[in-house]
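Shown next, in structure tokens, is the structure this report addresses.
None of the figures in this text is laboratory data; all of them are computed from the coordinates on show. Fair warning: this is a prediction, and the values are worked out from it, not measured in the lab. As a convention, Cβ positions derive from the backbone with ideal geometry for all residues, glycine included, and neighbour counts pool all protein chains shown.
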Amino acid sequence: MEKPVRTVDEYLHYLEGKGFQFQEDAIGFIYFGKHYTNASDELINSAIEITLKAQKTFDGSFYVSLLETLVSSKIQTRNAALKFVKERELVAI
């Protein structure tokens, strides 16, 4: 059974509960990317997850670039996003 998709706010709160601390500029990048690309919460959350796994910290420019790539490639789900970055060796996760 698939996990229900969390909103971006819920996902950020979940990550903070796991020990990730997001600075105000990181939150700004996350919401800028969301509005700039008009991506779904699932795709935003996937881009955040991939960014954290690849960079070991939140890198706003990496995140926005990744999100733009996922959206332009018509990726819509977390599984598709993970498969996309692995197949293209965009990041080592």
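A few remarks follow.
- Of the set (1) out of contact with any Ser or Thr (no Cβ under 9 Å at 6 or more places or on another chain); (2) assigned to a loop (DSSP other than H, G, I, E, B); (3) farther than 20 Å from Arg88 by Cβ, all apply to Thr57 but (1).
- Screening Thr57 with (1) surrounded by 15 or more Cβ atoms within 10 Å (Cβ to Cβ); (2) under 24 Å from Gly28 (Cα atoms) gives one miss only, at (1).
- Residue in the stretch 46-66 that is farthest from Tyr11 (Cα to Cα), counting only those that are in contact with a Leu (Cβ under 9 Å, 6 or more places away or on another chain) and of a type in the set (S, T, N, Q): Thr51
- Of all residues making up the stretch 72-93, the number that are surrounded by 10 or more Cβ atoms within 10 Å (Cβ to Cβ) and outside any loop (DSSP other than H, G, I, E, B): 9
- A single member of Glu24, Glu10, Glu49, Glu16 is closer than 27 Å to Glu89 by Cβ and of a type outside the set (S, T, N, Q), and it is Glu49.
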